[in-house]
Structures are given as C-alpha cells and as structure tokens.
Amino acid sequence: MIALKTEAELRVVAENAQLLAEILVEVALHVEPDVETAELDRFAEERIRAAGARPAFKGYHGYPASLCVSVNEEIVHGIPSSRRIKAGDIVSLDLGLARGGYVADAALTVGAGEITPEAERLLSVTRGALQDAIRAAKLGARVSDLSHAIGRHVSRHGLYVVREFVGHGIGRELHEDPQIPNFGEGGQGAVLREGMVLCPEPMVKGDDLPVHIKDDGWTAVTASGSLAAHYEEMIAVTPDGPAVLTGGIWEAFCRRRT
Ligand code: MF3
Ligand code: CO
C-alpha cells in the first residue's frame, strides 16, 4: 500500500528533506584525504541531533552508525571506521534522519581531491540516471517508468546498475512502498498519484556481476572491484510535476565547494 501524504504531512517531509540535504552537503564538504570515515559519521550525527532530529539509520535492522560511507568499489552500506580517505577515492555518503514522525533519506558520491576521468564519468552517468528518474515521476506515470529511465540511461552509457537494491517510498517509515528497482520495462506497477513521496536511488558500477556483501554483513561491494556510485533524492509527485524535496544535493554541494 502506498501512503499518500496530505499537504500538512508534505510540509513536515519537505522541511526534513531540506534539513537532511543541508547536513549531507556539509558532510560531503568534509570529504578530504586523511579524514577518517568515522569522523564523517560523528559530524553527521551531531548535526542531526543539534537540529532536534534523530539518525534514521542507527539501529535500523541493527545498522551501527548514522551515516553510510562507501569508498571506491564499495557500493552502499559501508560502515564508518578508522579507515582514512585517500586522494583519488570516490566516497558515497548515505544519510537518514527522522523528526516529527517523518523520515528523510538521501545520498551522493563525491571525489576526494582529483579523481580519474573514468570516475568522473561514473559519477556523472549516475547523476544523469537520477535526473531521468526524477523527470519520469509525473502524475499518471507508473513506478517502473522511473526504473526504466534509470536502466536506460546507465546502459546507454555502457555502465551497469545494481539490481540487488532498490529505491523506495518514504514517510513515517524509511522504506515504504513502492519499491523502485534500477532497471526494467516501463509502464508497470502503481500509477503515480499526488502525495506520493519517492526516493529513487541509482547505484551504478562497471561490471554486470552480482554484488558481494562483506563479512561485516553490511558493506556491498562490486564483485570485480570496479568503482561504484550512488545518488538519491526525495521527490514528491505533484500536479505541477516532480518536486525535488532535497533540492538537488549535488548542485548544492558544487555551489558550496566552489
Ligand atoms: N539509504 C539507504 C536506503 O535507502 C538506507 C541505508 S540502510 C541502513 O536503503 F540500514 F543503513 F539504514
Ligand atoms: Co533510500
């Protein structure tokens, strides 16, 4: 069942999404060579709590931290640790918070210092896939139109989506219906209606192999060691078209980074 949010609920969801986007950009600005991934987690949690919110990932199915930090061939769900970021790494940051009974969730991948042209391209193709998904989130379209838009964009650029993890609806819960796979034919699944809030989240890599989960039980890595990228925004379906509640996190990051 897909929960439709009222106007009053959407106001809370949008405020939370905006707060999350601000914090996530600040975390991303801290991604630099020699920074420990656990420092990023501590910073994210402090900012969340200072805003009167709580970290939505901490304790979720036993996840031990507030932030997911996934470096290079790590795709998602990397657990913050004493690992230090190196120049040339790509770092995926995924963060969630809850406040006033509603959850917000978003992600982006950034480079530490100079990254290779191949890595730049991976990031930009993944962002393009998310943009295509957002454009597809029109009233009356269907859930799998977002999936199709993501998969088509990625395959056209010679890269591969992660099939094991999906985007999702969000609201009172972190993961609500519908599931939004990163591939598939269009025209399937629920019709998009006013008041739906969705988190499309393309995860893209250089190989077409099943992902591997590390011994920590969380960290998903590419089987070949190829780099992976991940972007996620929260969008609301409205009569005026998709509203990006998180406001374009990559663009906000670029404005602040200068
Ligand atoms: N952004 C992730 C998602 O949408 C959430 C991280 S899972 C957690 O699935 F367990 F770490 F919380
Ligand atoms: Co998500």
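Please tell me if Gly171 is touching an Asp or Glu at 6+ places or on another chain (Cβ under 8 Å) and within 16 Å of ligand 2 (Cβ to nearest atom).
Numbers: touching an Asp or Glu at 6+ places or on another chain (Cβ under 8 Å): yes; within 16 Å of ligand 2 (Cβ to nearest atom): yes.
Judged against the criteria, Gly171 is a match.
I'd like the residue in segment 116-133 that is aliphatic (A, V, I, L, M) and surrounded by fewer than 21 Cβ atoms within 10 Å (Cβ to Cβ) and, out of all such residues, is nearest to Tyr160 (Cα to Cα). Reasoning before the result, please.
Pass one, segment 116-133, residues aliphatic (A, V, I, L, M): 119, 122-123, 125, 129-130, 133.
Now narrow it down to the ones that are surrounded by fewer than 21 Cβ atoms within 10 Å (Cβ to Cβ): 119, 125.
On the way: Ala119: 14, Val125: 10 Å.
Checked segment 116-133; the qualifying residue nearest to Tyr160 (Cα to Cα) is Val125.
Here's a check for you: in segment 79-105, which residue that is among the acidic types (Asp, Glu) and within 14 Å of ligand 2 (Cβ to nearest atom) is nearest to Val25 (Cα to Cα)?
Filtering segment 79-105 for residues among the acidic types (Asp, Glu) gives 89, 94, 105.
Among the residues that remain, those that are also within 14 Å of ligand 2 (Cβ to nearest atom) are: 94, 105.
Values: Asp94: 11, Asp105: 13 Å.
My answer is Asp94.
Residue by residue through segment 150-207, note down the ones that are closer than 21 Å to Val125 by Cβ, surrounded by fewer than 23 Cβ atoms within 10 Å (Cβ to Cβ) and in contact (Cβ under 8 Å) with a residue 60 or more places away in the chain.
Phe165, Gly206
Name every residue in segment 198-241 that is within 24 Å of Ala137 (Cβ to Cβ), touching a helix residue (DSSP H, G or I) at 6+ places or on another chain (Cβ under 6 Å) and assigned to a loop (DSSP other than H, G, I, E, B), in order of residue number.
Pro200, Pro202, Tyr231, Met234
Take Val191 and tell me if it is more than 12 Å from ligand 2 (Cβ to nearest atom) and at negative phi.
For Val191, the condition - more than 12 Å from ligand 2 (Cβ to nearest atom) and at negative phi - is met.
Just one of the numbered conditions (1) closer than 30 Å to Val12 by Cβ; (2) more than 15 Å from ligand 2 (Cβ to nearest atom) is not true of Ile180; which one?
So the condition that Ile180 fails would be (2).
Among the residues of segment 73-82, are any surrounded by fewer than 19 Cβ atoms within 10 Å (Cβ to Cβ), in contact with a strand residue (DSSP E or B) (Cβ under 9 Å, 6 or more places away or on another chain) and either more than 30 Å from Glu15 (Cβ to Cβ) or of a type in the set (Ser, Thr, Tyr) (or both)? Full working, then the answer.
Kept after step one, since they are surrounded by fewer than 19 Cβ atoms within 10 Å (Cβ to Cβ), are these residues of segment 73-82: 81-82.
Applying the additional criterion that residues be in contact with a strand residue (DSSP E or B) (Cβ under 9 Å, 6 or more places away or on another chain) yields 81-82.
Filter again for either more than 30 Å from Glu15 (Cβ to Cβ) or of a type in the set (Ser, Thr, Tyr) (or both), leaving 81-82.
Yes, segment 73-82 has at least one match.
Would segment 106-122 turn up any residue that is assigned to a helix (DSSP H, G or I), more than 15 Å from the chain's Cα centre (by Cα), more than 16 Å from ligand 2 (Cβ to nearest atom) and acidic (Asp, Glu)?
Yes: one or more hits.
Among the listed residues Asp89, Asp34, identify the single one that is among the charged types (D, E, K, R), closer than 27 Å to Gly128 by Cβ and touching a residue at least 24 places away in the same chain (Cβ under 8 Å).
On the way: Asp34 fails: closer than 27 Å to Gly128 by Cβ.
Only one candidate qualifies: Asp89.
Please identify the pairs in which a residue from segment 1-23 that is more than 16 Å from Ala56 (Cβ to Cβ) has its Cβ atom under 9 Å from the Cβ atom of a residue that is of a type in the set (Asp, Glu) and surrounded by 17 or more Cβ atoms within 10 Å (Cβ to Cβ), counting only partners at least 6 apart or on another chain.
Met1/Glu176; Ile2/Glu176; Ala3/Glu9; Ala3/Glu176
Could you look through segment 92-101, keep only residues that are part of a strand (DSSP E or B) and surrounded by fewer than 24 Cβ atoms within 10 Å (Cβ to Cβ), and pick out the one that is nearest to ligand 1 (Cβ to nearest atom)? Even if it seems obvious, please write down each step before you answer.
Just the residues of segment 92-101 that are part of a strand (DSSP E or B), to begin with: 92-99.
The next check asks that each one be surrounded by fewer than 24 Cβ atoms within 10 Å (Cβ to Cβ); those that pass are 94, 98-99.
Working: Asp94: 4, Ala98: 11, Arg99: 16 Å.
Within segment 92-101, the match that is nearest to ligand 1 (Cβ to nearest atom) is Asp94.
How about segment 40-67: which of its residues are in a helix (DSSP H, G or I) and crowded, with 17+ Cβ neighbours inside 10 Å? Talk me through it step by step, then tell me what you get.
We begin by selecting, within segment 40-67, every residue in a helix (DSSP H, G or I); these are 40-50, 60-62.
Passing the criteria: Leu40, Asp41, Phe43, Ala44, Glu45, Arg47, Ile48.
Coordinate-derived values only; no laboratory data. As the structure is a prediction and not an experimental result, all values here were calculated from the model. Every residue, glycine as well, gets a Cβ built from its backbone with ideal geometry; the counts of neighbours run over all protein chains shown.
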